[in-house]
Structures are given as structure tokens and as C-alpha cells.
Amino acid sequence: MPLVSLTLFVPFLGAVLLVLLPRPAPRTAHAVGLVTAGLALLGAVAIALRGVGPGFSQVEELGWIPSLGSAYRVGLDGISLPLVLLTSVLFLVSLIFSIRIRERSRAYVALFLLLETTCVGAFVALDLVVFYVFFELTLVAMYFIITGWGHEGRQRAALMFFLYTLLGSLPLLLAIIALYLGNEPRTFDMRAVIARPPLAGLAGGLTFVAFLIAFGIKTPLFPVHTWLPAAHVEAPTAGSVVLAGVLLKLGTYGFVRFGLQMTPDAFRAAAPWVAALAVFSALYGAFVALAQTDLKRLVAYTSVNHMGYVVLATAAAAAAVDTRARELAIDGAVLQMVSHGIVTGALFLLIGALQDRAGTREMGAFGGLLRVVPGLGWGFILAAFASLGLPGLAHFPAEFQIFLGTFGAWPWAAAIALFGILITAGLYLRAIQATFLGQPAERWKGLPDLGGSESWAIVPLLALAVLIGVAPGPLLEIIHTTVSAVVR
């Protein structure tokens with residue numbers, strides 16, 4: 001059974017069904033979305049139960065453009081499988097949280113299902129052209145989600161998101177062409193590109209620079225991060241969850257898959273500069289988040305901080321001589337991608353639930369909400385503690401490995417980047433104190449706590465944040481199966 005293709009296209013089929021249905025009621029549209037997203041998650045779990053090996057597993061191929069050596073090729077390894085699982089979980093909980101959306105619900109759900117297919121497709125693609133197609137199509141669905149259901153400044157935010165990421169796609173296309181033309185036999189098969197000697201000299205350097213620009217924008221790294229806060233703030237809640245939890249990972253995944261595996265020599269040569277940029281991005285994101293009063297904007301800037309750690313780890317893996325340090329860095333980077341998606345997704349859902357009740361996200365407007373909405377308050381505190389790296393929660397095992405691996409390459413970079421954790425702790429403690437501690441204002445005393453669909457969306461993410469923090473072993477085993485082969 002072609003499980004990978006079924007998992008990939010089930011959401012797309014759900015979107016097509018919604019388009020064909022004659023004026024479905026909002027309840028019907030959401031039911032189709034939940035069923036198809038649920039089936040996609042079951043498919044991802046079934047793929048995980050089949051297991052992956054050191055290389056690409058469960059490969060499925062179908063001829064497409066034989067004259068160019070391009071084909072529909074999909075498969076997984078220990079790097080992409082955790083991201084497929086993350087994607088399936090986040091899209092399902094986002095659609096659960098969105099059950100109350102009644103305005104143009106058919107289009108809303110269909111766009112989310114289309115976006116899920118494009119995101120999963122980018123993670124499972126084993127052909128460079130197929131990857132590029134899915135990578136590009138993610139822009140379309142997210143653009144319409146922001147413009148159709150975002151907040152007041154959604155038009156400008158969606159335009160910035162689209163133009164920035166489209167601009168990043170152009171050097172990616174050039175890099176793919178360079179990989180195709182660089183060696184014989186010419187092919188777009190990722191497995192062949194990874195296995196053959198990497199491009200050398202100026203060609204290899206320019207190809208890596210193209211990857212750095214493309215994936216640096218998507219991640220995003222300073223100074224090409226400015227589209228992110230606006231897109232997060234103006235997107236609907238579920239859109240912010242998917243944007244931070246999944247779409248940013250297309251950038252960090254690109255650094256691992258393309259930078260480390262396809263241009264390793266050029267990445268090694270540029271690694272100190274990439275590390276310096278990643279450290280600056282991590283600290284910049286933390287400091288700017290500290291200055292925010294809007295909770296959603298605060299969490300958006302912490303994404304710049306956390307993704308900076310991931311890029312730092314990939315640079316350390318490219319430069320480190322010690323094999324164990326390289327393994328620790330990549331293991332931590334992939335685990336951080338997963339933990340960030342879960343924790344930040346929970347934070348955005350909690351902030352969205354708060355905004356729906358209070359009509360504002362400004363910390364200065366609140367105070368004492370823990371006594372009024374204890375479920376929402378304790379959920380936010382748990383997710384905030386996870387985001388600041390508290391032991392026993394999801395970020396800790398990821399960041400611990402990232403800093404250990406980085407120390408093996410550059411002790412200076414690890415020491416400076418560690419300072420960002422102190423800033424992150426301070427900004428989240430400040431947010432908790434301002435929003436949830438103290439005496440509640442009279443106007444907030446009637447706020448309802450988390451409801452049924454909100455709890456069904458948020459609680460699983462909080463449970464996963466605890467589970468990964470307490471028992472990261474099974475997930476790390478999947479990741480390390482591939483990583484140990486990559487760093488040989």
C-alpha cells in the first residue's frame with residue numbers, strides 16, 4: 001500500500017470534495033476537514049510504525065518528465081518523518097480549534113487541507129523539482145488564509161509574506177538547476193545528488209549562498225525576518241499555528257537536507273559566518289520579544305530566537321570535526337523543530353482563545369487572569385515554561401543537545417547563544433506576571449474558561465510538550481537512525 005502518497009494526498013482529496021459539494025453547511029465543511037486531517041494523521045502514524053532506516057525508506061516513484069530525469073518520488077527518513085508527524089498533528093488541532101469559523105467555512109477548510117498537502121509534500125519529496133513545486137505552493141494557500149480571515153492589517157502582511165518568500169524561491173530554483181547541471185548523469189533525484197561528490201569551488205559556493213538566501217528567508221534569519229511578525233499578528237489563530245509550527249520548518253529542514261547533505265563542503269567553509277548570523281538572530285529575537293507588549297507579537301519574535309538555535313546547530317554540524325558533536329547538533333536541531341512546532345502552536349492557540357474572549361492581546365490590559373480563567377492560565381504557563389527551556393519539557397532535551405554539539409565546534413558561539421535562554425526566561429516570566437498574576441480587573445471577572453473544541457486542540461499539544469520533555473528517547477531514536485548515517 002502506498003502509505004506515503006495516501007497520507008500526502010488525503011487532505012487534497014478532502015479539499016476537492018469540499019469544492020464539489022453544493023453549498024455545504026459550515027458544520028459539513030468542518031466535518032470533512034476533521035475527517036481528512038484525522039486520516040492524514042493516522043497515515044503518518046502508520047508510516048512511523050513501519051519504521052525508517054539510515055537512508056530513505058518507503059520510497060514511491062512514478063514517471064513524470066523522463067527527458068529531464070525528474071519523476072514523482074516520495075519517501076522518508078529519520079529527519080523528515082518527525083516533521084510529517086508534526087505537520088499532521090498541527091493541522092488537525094488547528095482545524096479542531098477553527099470549528100467555530102462560520103464565515104466562508106468551505107473555502108477556509110479547503111485552503112487548510114490544500115496547505116497540509118503542500119507542506120507534507122515538501123517534507124517527503126525526493127525529487128528536486130517536486131520539492132520546489134510543493135515549496136512554492138505553500139505560499140498560495142497561506143496567502144489566501146491570511147487575506148481572507150486575518151485581522152485589520154492582513155492585506156499588507158499577506159503581501160509581505162508572499163513577496164519575501166517568493167523572492168527566496170528564485171535563488172532556490174537557481175540552486176536546483178546548478179545541482180542538476182553540475183554532475184553527470186544529470187538528475188533531479190535527491191538520493192543521487194546526495195550520494196555523488198558535491199559541487200566544488202565557485203559553483204559549490206554560489207549554490208550554497210542561494211540555499212542560504214532561500215532558506216534564511218523561510219526560517220527566518222535576521223535581517224530577512226521582517227515579514228514574520230506582521231504575518232503572525234495579522235493571520236487568524238490557526239494560520240499562526242501552521243505558519244510557526246510548519247512553514248518555518250521548511251527553512252530549517254532545507255538547511256539540513258540541502259545545505260548539509262548536498263553542499264557540505266561549501267557549508268563547512270561558510271559555517272563560521274552562518275553561525276555568527278544564527279547567534280545574532282537568536283539574541284535579536286529574544287531582545288525584541290522582551291520589548292513587546294502584544295502577546296502574539298512576543299511569541300512571534302521568540303520564533304526568530306528558537307530558529308536561530310536550529311540554524312546554529314546545522315552550522316556546527318557542518319564545521320565540527322568530532323562525529324559525536326555533529327550527531328548531537330543535528331539530533332538537537334531536528335528535535336527542536338518538532339518541539340518548537342508543538343510548544344509555539346499551543347501558545348498561539350491559547351493567545352487566540354484569550355483574544356476571542358477579551359478582544360485584546362495587550363499584556364497591560366490584563367492582570368490576575370489566572371483566577372478568572374485557570375485552565376487557560378495554567379495552560380499558558382506550562383507552554384511558556386516549555387518555550388523557555390525548563391527541564392522536563394519539550395525544548396530542554398533539544399536545546400541541551402544543540403548547545404553540546406555547538407560547543408564541540410565553537411565554544412564561543414554556544415556561550416553567547418546560551419545568553420538568549422536567560423532573555424527568553426525573563427520575557428515569559430514578565431508576560432505571565434503581567435497577564436495572569438495579581439488581582440483581576442472587574443471587567444475580566446466574567447470571562448469564560450477554555451471550551452470544548454479549544455481544549456481538544458490545546459490539551460494534546462501540552463501533553464506532547466510534557467511527553468517529549470520527559471521521554472524524548474523514542475523520537476530521538478527515529479532521528480538518530482538517519483543522523484548517524486549522515487555524519488559518517
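Descriptive notes on the structure:
- For S57, the amide hydrogen comes within under 5 Å of the amide hydrogens of L76, D77, counting only partners 5 or more places away or on other chains and with H modelled in the peptide plane.
- Residue ranking by accessible heavy-atom surface, 1.4 Å probe, largest first, among R156, R196, R23, R106 comes out as R23, R156, R106, R196.
- Only Cα pairs under 8 Å and 6+ residues apart enter the sum, and on that basis the relative contact order of the range 366-449 stands at 57 percent.
- Rounded to the nearest Hz, the phi-derived 3J(HN,Hα) couplings of the range 319-332 under the Karplus curve 6.51 cos²θ - 1.76 cosθ + 1.60 (θ = phi - 60°) are 9, 5, 8, 6, 4, 5, 5, 5, 4, 4, 5, 6, 3, x, where x marks glycine and proline.
- Ordering of 329-340, 445-456 by burial proxy (mean other Cβ atoms within 10 Å per residue, highest first): 329-340, 445-456
- Computed E for L21/A203 - FRET, C-beta separation, R0 45 angstrom, nearest 0.05: 0.35
- Between helix 26-50 and the chain: long-axis angle, C-alpha atoms, 0 to 90°, nearest 10: 40 degrees
- From the coordinates shown, mean projected area of the Cα convex hull in nm² corresponds to which of [x] 20.9; [y] 25.6; [z] 34.0: [x]
- Counting protein heavy atoms only, the range 305-389 has 54 percent of its accessible area on carbon and sulfur, 1.4 angstrom probe.
- With Cα atoms, 0 to 90° folded angle of helix 374-387 axis to the chain main axis: 30 degrees
- Acute angle (nearest 10 degrees) that the helix 395-409 long axis makes with the longest principal axis of the chain, alpha-carbon atoms: 40 degrees
- Rounded to the nearest 20, the size of the Cβ-charge dipole of the range 323-390 about its Cα centre is 80 debye, with Lys and Arg at +1 and Asp and Glu at -1.
- Residue-by-residue Karplus 3J(HN,Hα) for the range 288-305, coefficients 6.51, -1.76, 1.60, Hz, glycine and proline x: 5, 4, 4, 8, 7, 10, 8, 4, 5, 5, 4, 5, 4, 6, 5, 5, 4, 4
- Residues whose placed amide H lies under 5 Å from that of A71, excluding near-sequence neighbours: I65
- Surface exposure of the range 165-246, expressed per residue as accessible area with a 1.4 Å probe, stands at 33 Å².
- The charge dipole of the chain, taken about its Cα centre with unit charges on the Cβ of Lys, Arg, Asp and Glu (plus for the first two, minus for the last two), comes to roughly 680 debye.
- Residue-wise HN-Hα couplings along the range 65-70, as the Karplus relation 6.51 cos²θ - 1.76 cosθ + 1.60 with θ = phi - 60° gives them from phi, are 10, x, 5, 9, x, 9 Hz; Gly and Pro carry x.
- Length-normalised contact order of the chain in % [C-alpha pairs under 8 Å, at least 6 apart]: 16 percent
- Computed [θ] at 222 nm, helices only, for the chain once each DSSP H run of length n ≥ 4 contributes -39500 (n - 2.57): -24500 deg cm²/dmol
- The solvent-accessible area of V470, taken with every protein chain present and a 1.4 Å probe, is close to 100 Å².
- Solvent-accessible area per residue for the range 296-371 (1.4 angstrom probe, square angstrom): 19 Å²
- Percent carbon-and-sulfur accessible area, the range 85-156, ignoring ligands, DNA and RNA, probe 1.4 Å: 64 percent
- Taking all protein chains together and rolling a 1.4 Å probe, E442 ends up with roughly 140 Å² accessible.
- The range 399-488 - accessible surface per residue (Å², probe 1.4 Å): 48 Å²
- Length gained on full extension, T293 to R156: 47.2 nm, using 0.36 nm per residue less the C-alpha separation.
The values are calculated or read from the model by the stated rules, or taken from the named source; none is laboratory data. In this text, all values refer to a predicted model and were calculated from it rather than measured experimentally. With ideal geometry, Cβ positions are generated from the backbone for all residues, glycine too; neighbour counts draw on all protein chains shown. Accessible surface areas use protein heavy atoms only, side chains included; no ligands, DNA or RNA. Shrake-Rupley method; radii C 1.70, N 1.55, O 1.52, S 1.80 Å.
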